[in-house]
1. Specify which labelled value, from [x] 0.97; [y] 0.93; [z] 1.03, agrees with Rg/Rh (Cα atoms, Kirkwood Rh) derived from the coordinates of the model shown.
2. Semi-axes of the equivalent ellipsoid of the range 202-341: what are they in whole Å, largest first, if each equals the square root of 5 times a C-alpha gyration tensor eigenvalue?
3. Arrange Glu31, Glu330, Glu315, Glu370 by Cβ neighbour counts within 10 Å, fewest through most, would you?
4. Under 19 Å from the 7 Å Cα→Cβ point of Arg2, by amide nitrogen: which residues of the range 249-279?
5. Considering only C-alpha atoms, what is the centroid distance from the range 298-370 to the range 1-78, in Å?
6. Do the sum for the chain: with -39,500 (n - 2.57) for every DSSP H run of n ≥ 4, divided by all residues, what is the mean residue ellipticity at 222 nm, to the nearest 500 deg cm²/dmol?
7. Can you tell me how much longer the chain between Lys41 and Leu241 gets when fully stretched, taken as 0.36 nm per residue apart minus their C-alpha distance, in nm with one decimal?
8. Within a 10 angstrom radius of the beta carbon, how do Lys281, Lys50 rank from fewest other beta carbons to most?
Amino acid sequence: MRQYDIAAYIWPAYTGDEPRTRMFWQEGIGEWQSVKNSAPKENGYFWDRKPLWGYQNEADPRVMEMQIAEATRHGVNVFIYDWYWFDGRPFLENCLNDGFLGASNRGDMKFYLMWANHDANHYWNIDLSTTYGSTVIWRGAVDRREYENVVNRVVERYFKQENYYKIDGCPVFMIYDINNLVNGLGGIEKTKEALRFFREKTKEAGFPDLHLQFTIWGENTVNMSGFDSNMSGSTKEIVSLLGADSVSHYQFVHFTNIDRDYRDILPDVASEWERIDREYKVPYFPHISCGWDNNPRFRTFRPGIVKNNTPENFERGLRMAKAYADAHPEQPPLITINSWNEWTETSYLEPDNLYGYGYLEAIRRVFMEE
């Protein structure tokens, strides 16, 4: 039976161990605060989801030992950690450093990083999200000096971990926001040089090369020359210009209308995969999202909710992804999933009071039992 790499994104905010999280979640339990305190909206809508495992501190290695065991038992064998660098230093590393890497069974699970280099704003704070949500607290873009600090930390602290996920021996590193990367570094040419530096550092650490992966959001326009030019290009042009090795998605909401039935969304997903496969010069690794509903982050109702995203319909998406991987035997059978624990965006695999272990069981049926 073919072995697949089922990689679930991790939102590392379910801990109060990072002091700077208190400005968003004062109770000291990270974003579990928004999950726990969910209340009916003005129109009567009630997001009433509760974790079957409780409001666990995911920076606790004992908690992660259990989660690793449950993930691998159901076929999830890679975690992609959202990784942040704000205000000149790392942010939200505790779940990875203390929890996952401190777990006694960490060797059973691979991991890699997605640099979530978007801006930080007040959307995480439910008291400010509606009125001041778009106000920027920390910029995600970094200049060359900070970029080199990022590279050195990632290579030394993470790439050298025995269970870091690699393709052909090359550590995989995903970058979320190409625009922010290019803008911070001062344009395409400077970004190309900075990425060469990243590859050189990776080789100096003893690896064949870096496997650079980009998150794509449909065909967004990307600034090609920094702040002082109006030149722009499509995502597929930038992917080639910057020498990415592969691409994947983070969420369905980034490229299609999600305010409808999950079964109606899947044909659009398949069409997007076909377009990328046809137009891009690098491998695409298929992505499946569990759903979308970010009402837990707001006191007032937010439209834009995936309907009927049951485990059974999620399984339909998984079968699509499996078929895509099987149709591309020349590339690693990597499939990305949103996500392990994006509770406040209602796109998570962790068991809850509505579907129990349904999403995890769907993964096990498709990738382990058949």
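1. For Rg/Rh (Cα atoms, Kirkwood Rh), the calculated option is [y].
2. Working: eigenvalues 156, 90, 46 Å².
After diagonalising the Cα gyration tensor, the semi-axes are 28, 21, 15 Å.
3. Details: Glu31 24, Glu330 5, Glu315 18, Glu370 9.
So the ranking, lowest neighbour count to highest, is Glu330, Glu370, Glu315, Glu31.
4. Taking a point 7 Å out along Cα→Cβ of Arg2, the residues of the range 249-279 whose backbone N falls under 19 Å are 249, 270-271, 273-278.
5. Distance between centres, Cα-based: 15 Å.
6. Values: 10 runs with 105 residues, N = 370.
One gets -8500 deg cm²/dmol as the mean residue ellipticity at 222 nm.
7. Stretched out fully, the Lys41 to Leu241 stretch lengthens by 67.4 nm.
8. Details: Lys281 8, Lys50 14.
Ranked by crowding around the Cβ, least crowded first: Lys281, Lys50.
Bear in mind that the values in this text are calculations on the coordinates, not laboratory data. Everything quoted here is computed from the prediction, not taken from an experiment. No Cβ is skipped: glycine too gets one built from the backbone with ideal geometry, and neighbour counts run over all protein chains shown.
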